[in-house]
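This structure is in structure tokens; I'll ask about it shortly.
The values are calculated or read from the model by the stated rules, or taken from the named source; none is laboratory data. Bear in mind the structure is a predicted one, so any value in this text is a computation, not a measurement. Cβ: placed from backbone, ideal geometry, glycine included. Neighbour counts: every protein chain shown. Keep in mind that these areas ignore ligands, DNA and RNA; they rest on the heavy atoms of the full protein, side chains included. Shrake-Rupley method; radii C 1.70, N 1.55, O 1.52, S 1.80 Å.
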Amino acid sequence: MAEQARYEELIRQFSAFGAVKREMGRMMPSECPSGSAAVLTLLGRYGDMRMSKLSELLAVDMSVTSRHVAHVAERGWIERSPDPADKRSRILRLTPAGRSLLDQLSRRTCHMLAERMGDWSDDEVAQLTTLMARLRASFDDTRTHDTHGREPRRPEPRPPAPPVLEQTTRTPAITQ
């Protein structure tokens, strides 16, 4: 029973964490919703990539990724160019305006976190970061057992996921 109470408290904390996510979302410029910020963040972190790779990193459907990409492309924050290896595909890359906005978003996010967590020690911030990454990895772990009793199937290793910023589609935080 103690185990259930522990997880019930965790559920309450997840629910309350929505306030943190909402405040982080409010500090974003209105022309750059969290999905757009996620696109910029991932391109800034991993460099040029195909839309399929971006969709995988965002962990959302290709149609959702396409809408986010269209939004940032219309504002001149990314460019889409033909993939030399496959002319049907597009390579996405940050423009100088996109890099500038990403830098601005990163400064805003870091400032807000430093302000809110100013009384936390460096060790406490590091511990929270480690535990959040571990929690995220637990949900990314898609090991499954088949009905024939064989060993679990392990997914292909993925790059470490950035911390969550603001959206239910697992939008990464802005970090540099």
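Would you mention how many residues in the stretch 88-122 are open to solvent by less than 40 Å² (accessible area, probe 1.4 Å), hydrophobic (A, V, I, L, M, F, W, C) and in a helix (DSSP H, G or I)?
Count: 4.
Looking for something among the hydrophobic types (A, V, I, L, M, F, W, C), open to solvent by less than 60 Å² (accessible area, probe 1.4 Å) and touching a residue at least 12 places away in the same chain (Cβ under 8 Å) - is there at least one such residue anywhere in the stretch 17-24?
Looking through the stretch 17-24, at least one residue is among the hydrophobic types (A, V, I, L, M, F, W, C), open to solvent by less than 60 Å² (accessible area, probe 1.4 Å) and touching a residue at least 12 places away in the same chain (Cβ under 8 Å).
Hey, does the stretch 47-54 have a residue that's over 26 Å from D140 (Cα atoms), part of a strand (DSSP E or B) and in contact with a Leu (Cβ under 8 Å, 6 or more places away or on another chain)?
Checked the stretch 47-54: no residue is over 26 Å from D140 (Cα atoms), part of a strand (DSSP E or B) and in contact with a Leu (Cβ under 8 Å, 6 or more places away or on another chain).
OK, next. Could you count how many residues in the stretch 85-100 are in contact (Cβ under 8 Å) with a residue 24 or more places away in the chain and farther than 15 Å from R75 by Cβ?
Qualifying residue count, the stretch 85-100: 3.
Continuing with this model, one more query. Within the stretch 86-117, how many residues are among the hydroxyl-bearing types (S, T, Y) and more than 18 Å from R45 (Cα to Cα)?
Counting residues in the stretch 86-117 that are among the hydroxyl-bearing types (S, T, Y) and more than 18 Å from R45 (Cα to Cα) gives 1.
Looking for something under 29 Å from E31 (Cα atoms) and either modelled with pLDDT under 90 or open to solvent by 60 Å² or more (accessible area, probe 1.4 Å) (or both) - is there at least one such residue anywhere in the stretch 135-153?
Taking every residue of the stretch 135-153 in turn, at least one turns out to be under 29 Å from E31 (Cα atoms) and either modelled with pLDDT under 90 or open to solvent by 60 Å² or more (accessible area, probe 1.4 Å) (or both).
Have a look at A38, A2 and point out the one that is within 28 Å of L135 (Cβ to Cβ) and surrounded by 15 or more Cβ atoms within 10 Å (Cβ to Cβ).
A38
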